[in-house]
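Right, one structure below, let's go through it.
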Amino acid sequence: MSDYNDEGSLLRPLRALSFLGRPAVTEPLEPRLAAEGYRGFHLNEHAECVGCSSCQKICDNAAITMVEVPELPNDEAKGIRNLRPAVDYGRCCWCALCVDICPTGSLSLSKEYVHTCTQEEIDSYFMLPNETGMHGTFYGKGWQKTETSDLLDLQRQEMGERPAELRVDNFDEIVDGFTPEQAMAEASRCVQCGMCHDACPTGMDAPEYIRSIYEGDLEQAVRWIYQSNPFSHVCGRVCTHRCEDACSIGVRGTPLAIRWLKRYAMDGVSHQRIQEITQEQRAAESTGHTVAVVGAGPAGLTTAWDLARKGHKVVVYESRQQPGGMPRYGIPEYRLPYEMLDRDIETITAMGVEIRCGEEVGKQVTMEQLQQEYDAVVLAIGLHLGRSTRIPGSDHAHVRSAVELLRQVTEEGTIEVPEEVVVIGGGNVAMDIARTVARLQRQQWGGVKTVVTALEAEENFLADPAEIREAAEEGVTICPSRGPQECVVEAGQLQSLRTWGVCSIFDQQGRFAPHYDEGDEQCHPAGMVIEAIGQMSNADQLLGDMLTERLEWDRGRLQVCENGRTSETWLWAAGDCVNGPDVVHAVADGHRVATSIDEVLRGALKHA
Amino acid sequence: MRAENYQQINHPPSHAFELNFGPNHPGIEGNYALQVQVEGDTVVQARADGGYLHRGFEKLMEQRLWIQNIALVPRICVPDPSPMEVCYSMAVEQIAGIEVPERAQWIRVMQLELSRIAAHLFTFGGHAATTGMYSPMFWGVADRDLILDLFEEFTGGRIYSIYNLPGGVRRELPEGFLQRVTDTLDYIESRLPDYDDLFFKNRVFIKRAKGVGVTEQAMALEYGVTGPNLRAAGLPFDVRRDDPYLVYEQLEFEVPTEEAGDAWARTLVRRSELIESIRIVRQVVAALPDIGGPLRTPIPNPLAWRVPAGESYARVESSKGELAYYVVSDGSEKPWRVHVRGPSSMHAVQVLEELVKGGRIEDVAQTMFSLDACPPEVDR
């Protein structure tokens, strides 16, 4: 470093005179365009954003507020809120964590970076970013998502299930359930947006119980679950999981397996402990009011559970030998082991609900008697009568309804099935009966010849895609876009189902009016044809002529007010017989009716 | 004022008085304050006060999710923010047991060294200005801007990169970026002779800086001084070489030292370091095209990520010296405690007070700048 000393000439700075010969360094006056990946003001594709508020949660500076934009769609069932992030640029530090966490990918940062204003317009630093940019001029996207930048795990944990070859000839449950590690990993994916809660018919506190599972506190998870659903073992297995359809992780990835997480929490706490936990909710004192519930399905028992929790005395009348309703008599055991249903019902009866099985209203006891004996009566009789296609030959003895057959399988353990069976229908019931028959065929015939024909194209099937996939794995043949024309009967013997190809199902007004291609005819050989095209209730005998006359009906369904009360002040109705079509809707309905009855009985609400 | 609060001030003799350097003063870095007792032109005593920049970072970090702190830590040192986020990430990675992909490690080294170059250019400018030379200051700031252009391109931000996450870095380098790094480094290197003429070999500067604010090696060690200030006192300690992190072990570079320990020596050490940093970045630029693989080991959902209970101490060599993060996790979603060892906290309080003592008023500012004191590092 000998060169760096104070021996040098004082004139050394004069060497800078050489700069006079060099070109000047100048900066252009035009605004400089930022780099490609610049982190400038936010952009938000409003059409893609679902308002989940993950950006707000990750924001380091609390710069993001979710603001309601009324003109945008707000659809709870689809998991879309009309909330959009507004950014306070007095707080934002442009870290872009909001961009990297955004589940939908709607957020990005732009290359725009200049904003000034007068004191009077100081509010303009609080902005609702949209796709046009801070000042309506699109400067181009800067920092945006890349393939590897996601901070969220968008893929769900695979649920282990028994392979097709092990399940085809028995009714053991198919899924294995999550391991603790899987459950933890799955629960950790949740962003706590609450879309699932909003979409759930009964408003389950899914974010809360997922959180509890993640914290390893399964008892607390059970506590959250029982806030809104006494059929949690059942719903943890066979719920139609509207929550997962709304999950914001599902926009670009696979939604959280909320149903399986509920199953995991319920299975992780002992039956004894669950009963103790639910008893915490029980009212200390009895109100002295009595309520009769007709039908021990999910709707009836939820009503009973709620009312019993609140201190009312509830008696449930069930015409069949066992309680449970459709989950027991309509859902095959490989999807829902009846032992789990029994556990749910035991928890309900432990709350003080009395269930009288084998007491059929309309026979052993009449509605009039119930009206006189009880302060309120709830009708929750479900839909147990199968609809018929009414095509020629459908009155043959071997043309059966799916619900009847499923009920028979539950009651008798098994039934005899012919070698060839055709199912009409593309919903979950059709899949249930087809897969049940397939198992029985394998047991009785050593092979499966079950065909499912449905009007819909396969992508429009009403059944759960997983059900269709599993049915196919088990050997069921799926024939989409087939319209049933005739059950061919020769010499009193059912021979086959004749179908035509479907051109369209609905007319231009959207009414049901199938249009067929008559040239595309097929005959599916069948020793039995099973109709699974919908159900209806059978209430005439139960209610009696007088009451049936007095109540209001619409196309076979009982009409009720928004609280589930019929035109008779003492009678409420819940579940599939008023609106359906699944367990979780029935549970939601049960809560609604119970709340209404409780208010009326306590005199809080006079009937209008 | 109430009468009972009135206190008689015993005015010192007219040649002795108290001088406030800061918190708002052209000769001070940041909102720092030095209360200086002067007799004539000679400083008799000085009291440093860093509290004007207290923003409570360490406490704030306890209230933020693990990755939210990434956006917070660069603010602890504005002129050299990159080591903050890298060091914090390294500490979290240590506790969580996360392996950082090799490519990310090389990119981190490049980021750290570019940041060092920018910081040193800034400091030269500051030091020159305190000796009355303003041209080097403008040059330093203007040339630093070229480095910031690079930062803007590959991290998205000019000053606060916020480019790291525990597990790696957030984005891939843009196309053609390495060539632009080379071009910028070539340019900065070509400027060094000009800097020499104007500043480092300038007799005015040498006369002003030589013998000012001398730290003996023993004193430096006693006070825990690290970095260029320690190396200017003859001790070649550098975390990059003596406790290597990232991929520094695979890189060739010198640890320059000087013997004098004064303001002049400190600046010369930084000048040599700048050249070494350019050398390191060139090695990274040469190596990066052959290093593929991911940029980041994925971490769990940051909204729910719980770093396992444990503690870690991660240290890096920042432009100011040894920067370290001591992080304690109790297994929850937020750090239980984060302690930042800001290198300036070692040399910008007691050491600064000692060094200005006995010197002249006009050397107070120079002493502070020659130490490269970064006040927000002092009081986190």
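The values are calculated or read from the model by the stated rules, or taken from the named source; none is laboratory data. It should be emphasised that the depicted structure is a prediction, and the values quoted were computed from it without experimental measurement. Heads up, the Cβs are rebuilt from the backbone with ideal geometry, glycines too, and the neighbour counts pull from every protein chain shown.
Would a scan of the stretch B:158-166 turn up a residue that is farther than 25 Å from B:Glu93 by Cβ, facing chain A (nearest Cβ under 10 Å) and part of a loop (DSSP other than H, G, I, E, B)? Yes, some residue in the stretch B:158-166 is farther than 25 Å from B:Glu93 by Cβ, facing chain A (nearest Cβ under 10 Å) and part of a loop (DSSP other than H, G, I, E, B).
Among the residues making up the stretch B:248-283, those that are of a type outside the set (Gly, Ala, Ser), crowded, with 20+ Cβ neighbours inside 10 Å and farther than 26 Å from B:Tyr187 by Cβ are B:Glu258, B:Asp262, B:Trp264.
Among the residues of the stretch B:174-183, write down those that are assigned to a loop (DSSP other than H, G, I, E, B) and more than 10 Å from chain A (Cβ to nearest Cβ). Listed by number, the list holds a single entry, B:Gly176.
Within the stretch A:198-219, the residues that satisfy the criterion of being of a type in the set (A, V, I, L, M, F, W, C) and under 19 Å from the mean Cα position of the chain (by Cα) are A:Ala199, A:Cys200, A:Met204, A:Ala206, A:Ile210.
Please determine whether any residue of the stretch B:61-79 is away from chain A (no Cβ under 14 Å), surrounded by 17 or more Cβ atoms within 10 Å (Cβ to Cβ) and under 22 Å from B:Phe154 (Cα atoms). Yes, some residue in the stretch B:61-79 is away from chain A (no Cβ under 14 Å), surrounded by 17 or more Cβ atoms within 10 Å (Cβ to Cβ) and under 22 Å from B:Phe154 (Cα atoms). Checking each residue in the stretch B:54-82 for being aromatic (Phe, Trp, Tyr) and free of Cβ contacts under 8 Å to residues at least 60 places away in the same chain picks out no residue at all.
Could you list, in sequence order, all residues of the stretch A:261-317 that are of a type in the set (Ser, Thr, Tyr), assigned to a helix (DSSP H, G or I) and surrounded by 22 or more Cβ atoms within 10 Å (Cβ to Cβ)?
Once the filter is applied, which keeps residues that are of a type in the set (Ser, Thr, Tyr), assigned to a helix (DSSP H, G or I) and surrounded by 22 or more Cβ atoms within 10 Å (Cβ to Cβ), the stretch A:261-317 yields A:Tyr264, A:Thr302, A:Thr303.
For the stretch B:325-344, the set of residues classified as touching a Cys at 6+ places or on another chain (Cβ under 7 Å) and assigned to a strand (DSSP E or B) consists of B:Tyr325 only.
Number of residues in the stretch A:97-122 that are among the hydrophobic types (A, V, I, L, M, F, W, C), touching a strand residue (DSSP E or B) at 6+ places or on another chain (Cβ under 9 Å) and more than 13 Å from chain B (Cβ to nearest Cβ): the value is 1. Residues that are within 18 Å of the chain's Cα centre (by Cα), of a type in the set (A, V, I, L, M) and more than 10 Å from chain B (Cβ to nearest Cβ) within the stretch A:181-197 comprise just one, A:Met195. Taken over the stretch A:337-364, the criterion of being within 26 Å of A:Ala539 (Cβ to Cβ) and in a loop (DSSP other than H, G, I, E, B) is satisfied by A:Val353, A:Gly358, A:Glu359, A:Glu360, A:Gly362, A:Lys363, A:Gln364. Among the residues of the stretch B:70-113, those that are part of a helix (DSSP H, G or I) and of a type in the set (Asp, Glu) comprise B:Glu85, B:Glu93, B:Glu102, B:Glu113.
So that you can scan it fast, the table gives a plain yes or no per residue for (1) touching a helix residue (DSSP H, G or I) at 6+ places or on another chain (Cβ under 6 Å); (2) within 13 Å of chain A (Cβ to nearest Cβ):
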{"position": "B:Gly293", "(1), (2)": "yes, yes"}
{"position": "B:Asn301", "(1), (2)": "no, yes"}
{"position": "B:Gly310", "(1), (2)": "yes, no"}
{"position": "B:Tyr325", "(1), (2)": "yes, no"}
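Among the conditions (1) over 16 Å from the mean Cα position of the chain (by Cα); (2) part of a helix (DSSP H, G or I); (3) charged (D, E, K, R), B:Arg116 misses just one, which is (1). Within this structure, A:Ser401 fails the test of being touching a residue at least 12 places away in the same chain (Cβ under 8 Å), of a type in the set (Gly, Ala, Ser), in contact with a Pro (Cβ under 9 Å, 6 or more places away or on another chain) and surrounded by 16 or more Cβ atoms within 10 Å (Cβ to Cβ). Within the stretch B:144-157, the set of residues being in contact with a Phe, Trp or Tyr (Cβ under 9 Å, 6 or more places away or on another chain) and at the interface with chain A (Cβ under 10 Å from one of its Cβ atoms) comprises B:Leu150, B:Phe151, B:Glu152, B:Glu153, B:Phe154, B:Thr155, B:Gly156, B:Gly157. The requirement of being acidic (Asp, Glu) and modelled with pLDDT of 95 or more is satisfied by B:Asp183.
Looking across the stretch A:256-301, the residues that are among the charged types (D, E, K, R) and in contact with a Gly (Cβ under 7 Å, 6 or more places away or on another chain) come down to A:Arg259, A:Lys262, A:Arg263, A:Asp267, A:Glu285.
Matching residues to (1) part of a loop (DSSP other than H, G, I, E, B); (2) within 11 Å of another protein chain (Cβ to nearest Cβ); (3) hydroxyl-bearing (Ser, Thr, Tyr); (4) touching a helix residue (DSSP H, G or I) at 6+ places or on another chain (Cβ under 7 Å):
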position: A:Arg39; (1), (2), (3), (4): yes, yes, no, no
position: A:Leu43; (1), (2), (3), (4): no, no, no, no
position: A:His46; (1), (2), (3), (4): yes, no, no, no
position: A:Cys49; (1), (2), (3), (4): yes, no, no, no
position: A:Asn61; (1), (2), (3), (4): yes, yes, no, no
position: A:Leu72; (1), (2), (3), (4): yes, no, no, no
position: A:Gly90; (1), (2), (3), (4): yes, no, no, yes
position: A:Cys93; (1), (2), (3), (4): yes, yes, no, yes
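Kindly indicate whether A:Ala457 is under 23 Å from the mean Cα position of the chain (by Cα), surrounded by fewer than 17 Cβ atoms within 10 Å (Cβ to Cβ) and closer than 15 Å to A:Arg435 by Cβ. No, not satisfied.
With a requirement of 1 or more residues that are under 20 Å from A:Pro230 (Cβ atoms) and in contact with a strand residue (DSSP E or B) (Cβ under 9 Å, 6 or more places away or on another chain), the strands (runs of 3 or more DSSP E) lying completely within the stretch A:502-608 that satisfy it span A:571-573. Residues in the stretch A:101-146 that are of a type in the set (Ser, Thr, Tyr), more than 28 Å from A:Val191 (Cβ to Cβ) and either surrounded by 13 or more Cβ atoms within 10 Å (Cβ to Cβ) or touching a residue at least 40 places away in the same chain (Cβ under 8 Å) (or both): A:Tyr113, A:Ser124, A:Tyr139.
Restricting attention to the stretch A:170-207, the residues that are within 30 Å of A:Trp445 (Cβ to Cβ) and surrounded by fewer than 17 Cβ atoms within 10 Å (Cβ to Cβ) total 4.
Of all residues assigned to the stretch B:192-200, at least one qualifies as being of a type in the set (Asp, Glu) and touching a residue at least 40 places away in the same chain (Cβ under 8 Å).
Which of the residues that make up the stretch A:387-403 are under 25 Å from A:Glu490 (Cα atoms) and either under 31 Å from the mean Cα position of the chain (by Cα) or of a type in the set (Ser, Thr, Tyr) (or both)? Matches in the stretch A:387-403: A:Arg387, A:Ser388, A:Thr389, A:Ser394, A:Arg400, A:Ser401, A:Ala402.
When A:Thr148, A:Thr137 are checked against the criterion of being facing another protein chain (nearest Cβ under 10 Å) and at pLDDT below 90, A:Thr148 stands alone in meeting it. Within the stretch B:114-127, the set of residues being closer than 15 Å to B:Leu371 by Cβ and among the small types (Gly, Ala, Ser) comprises B:Ala119, B:Gly126.
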